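The values are calculated or read from the model by the stated rules, or taken from the named source; none is laboratory data. No experiment lies behind these values; they were computed from the predicted model shown. Cβ placement follows ideal geometry from the backbone for every residue including glycine, while neighbour counts extend to all protein chains displayed.
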Amino acid sequence: MTAAPPARHPAVGSPGDTAELYRRHLGSGRAVMGTVLGGMVETYSEGAWVHTDDGRRYLDFGGYGVFILGHRHPAVVEAVHRQLDAHPLATRVFLEPVAARAAAALASRTPAGLDHVHFVNSGAEATEAGLKLARAHRRNALVTTVSGYHGKTLGALSATANTTYQAPFEPLLPDTAQVAYGDLAELEAALAERRDRACVILEPVQGEGGVRVPPPGYLAEAARLCRAHGAFLIVDEVQTGLGRLGTWWGVDAEGVVPDVLLVGKGLSGGVVPVAAMVATKDAYRPFSRDPYLHTSTFGASPIACAAALAAVETMDREDIVGRAASLGRRLLAGVLEACVPYRDRLVREVRGRGLLIGIEFTEAQAVGETLLELVARGVLVNHSLNSTRVLRLTPPAIAGPDESGLFLTALAEALRAVRARLG
């Protein structure tokens, strides 16, 4: 039985109060964005739904890839409650069992050989840890992909190929090259120029890059080229991992085992932020040898690791990967069908894998217009930070037939309205 959302808490205040606090303390730009989207204040969530303070609810098919288990999955919430009541943060002096158990659970689901886990607090921190580990192996030249997204902290930003975010903070990491995603010839040329000193970072499917799916065999051949040229390979699965693509990991489809796998978003169980860098024994050796080489006060906190452990166990128990694959096939077919009447006039292409689906429009304005039309119909989706013409869908695997049907109906109506408005 679904519980009713709680009544407004006195601390919530009115939507106008919240917008003003944003303007004063969190930034005027974010306040304006919230106002454009209707000024709603989210106060409660459960399953595939987010509730606002005015009593409305919204189907969350966005969430930037975090909510593969939906919001507040009971098993994860229960595990976090237990840990909160017992020991939420550790002294960092003694051994702590929850982090150890969470690491073992995660390593048991990663590709064979990726056994060493370094917990952090966000995907960008996982990227930073991976880049530092590569440098510990004297791989100081960075090769990333055009439109790749790996975070916005200074090191991660060097790998996030978007001048909008990079330009204000240059100079970034030196000796950094960008190659076209999916282009093996460009990758090989970059590696040949940086033999035995390159670190390559790429995604199995580009998420913020607009749900770009590479050609078959790309990952496997990229891994082979890295081995041939003595490069350190980081595969960023912060968004694509943990069932999002209908497999545990995006690398599974081609049997790739990188030096480092980056994990985040869904690892939180949708409850407590947590991410991880998972490495092979050889790759992890510098961090294993000196545990103080790269540390974080809140990394591997018991409360975050309790969420991660419960998330991984819940994915196994409830066959979230299988459900994501099945739901993804149905949704992709439904989205393709909804877009057929607008092909080439409004919609350029629909692409995706599992529960990561992108709709590329013929012009960027249509993305914002469609997003607003969907919000008006009670549905939340994402734009793509590195691809302004792509609307991105990252629905939860726990969504049922009624919720899928509601989304597809809303999408068809939204596309019709946008087409009529833009002409």
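Worth a mention:
- Total residues in the stretch 189-204, condition buried (at least 24 other Cβ atoms within 10 Å of the Cβ) and in a loop (DSSP other than H, G, I, E, B): 2
- Scanning the stretch 283-321 for residues that are among the charged types (D, E, K, R) and within 26 Å of V80 (Cα to Cα), we see that the one that is surrounded by the fewest Cβ atoms within 10 Å (Cβ to Cβ) is R317.
- Residues that are buried (at least 18 other Cβ atoms within 10 Å of the Cβ) and modelled with pLDDT of 95 or more were ranked within the stretch 51-64; the one that is farthest from I398 (Cα to Cα) is H51.
- Counted residues, the stretch 134-163 - those being in a loop (DSSP other than H, G, I, E, B) and among the aliphatic types (A, V, I, L, M): 2
- Any hit, the stretch 241-257, residues being within 23 Å of R138 (Cβ to Cβ) and more than 21 Å from the chain's Cα centre (by Cα): no
- The test for being more than 24 Å from the chain's Cα centre (by Cα), outside any helix (DSSP H, G or I) and over 29 Å from R389 (Cβ atoms) does not hold for R227.
- For the stretch 116-133, a residue qualifies if it is assigned to a loop (DSSP other than H, G, I, E, B) and of a type in the set (S, T, Y), and exactly one does: S122.
- Filter pass, T394 being under 19 Å from the mean Cα position of the chain (by Cα), assigned by TED's automatic domain parsing to the domain that holds T52 and crowded, with 21+ Cβ neighbours inside 10 Å: yes
- Lone unmet requirement of (1) outside any helix (DSSP H, G or I); (2) of a type outside the set (V, I, T); (3) over 20 Å from G246 (Cα atoms) for P396: (3)
- Qualifying positions in the stretch 106-115 - surrounded by fewer than 21 Cβ atoms within 10 Å (Cβ to Cβ) and either part of a strand (DSSP E or B) or under 20 Å from the mean Cα position of the chain (by Cα) (or both): A107, R109, P111, D115
- L346 in contact with a Phe, Trp or Tyr (Cβ under 8 Å, 6 or more places away or on another chain) and assigned by TED's automatic domain parsing to the domain that holds P401: yes
- For the stretch 263-286, a residue qualifies if it is under 20 Å from the mean Cα position of the chain (by Cα) and more than 16 Å from A311 (Cβ to Cβ), and the qualifying residues are M277, A279.
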